[in-house]
Amino acid sequence: MPDDSKTRLRALLQAYAERAAKEQPGTKTTKDSADRRMCGERLHAIVRPVLDDVMAELKNAGHEASVREHIERDDAYPSVALSFTPRAGLASAVIFRYDPRHGIVVQREVKSAPWKGRPITGTGDRLGTIGINAVSAAWVETKTLSFIEAVLKAN
């Protein structure tokens, strides 16, 4: 790394350290903490079971699939994701995560098989948002099926 880049990096890190030192450890609002906790509970109780069912169906059809959940980490917003690798394809993912401004956001990353004559790069986009209290199994199913359809078309 060139010296000017190192100098700039060190200045950025120093400014961050100074700003972090000024913040009190309890600066998170109680509303933010409550929303995070409530969203984590909704993701676990509503989204996770739907993704587990879809994962089981995908595996029964001979595809690779897994579900991962991060709902109690202090360094990340709560999320639940389904990774799906169709036979002879690349892994793609749909993620349901908490966003303090929007509630629950759904994003997907769909990767195409390179041997299909398409570039390896994936396409990521937002499938939708919904309020924490409004999330339902039917909404999760709709978003997940849209994701599965896109992956199967791409591969």
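The values are calculated or read from the model by the stated rules, or taken from the named source; none is laboratory data. Since the model is a prediction, treat every value here as computed from it, not as a measurement. Positions of Cβ are generated from backbone atoms using ideal geometry, with glycine treated the same way; all protein chains shown enter the neighbour counts.
Results, tabulated for the structure shown:
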| quantity | calculated |
| --- | --- |
| Top-ranked residue of region 1-42 - restricted to ones that are outside any helix (DSSP H, G or I) and under 30 Å from residue 103 (Cβ atoms), ranked as modelled with the highest pLDDT | 23 |
| Flag if residue 48 is assigned to a helix (DSSP H, G or I) and either touching a residue at least 12 places away in the same chain (Cβ under 8 Å) or among the hydroxyl-bearing types (Ser, Thr, Tyr) (or both) | yes |
| Those strands (runs of 3 or more DSSP E) lying entirely in region 81-155 with at least 1 residues at pLDDT below 95, surrounded by fewer than 18 Cβ atoms within 10 Å (Cβ to Cβ) and touching a Lys or Arg at 6+ places or on another chain (Cβ under 8 Å) | 123-130 |
| Region 54-71 - residue that is assigned to a helix (DSSP H, G or I) and within 18 Å of the chain's Cα centre (by Cα) and, of those, farthest from residue 149 (Cα to Cα) | 55 |
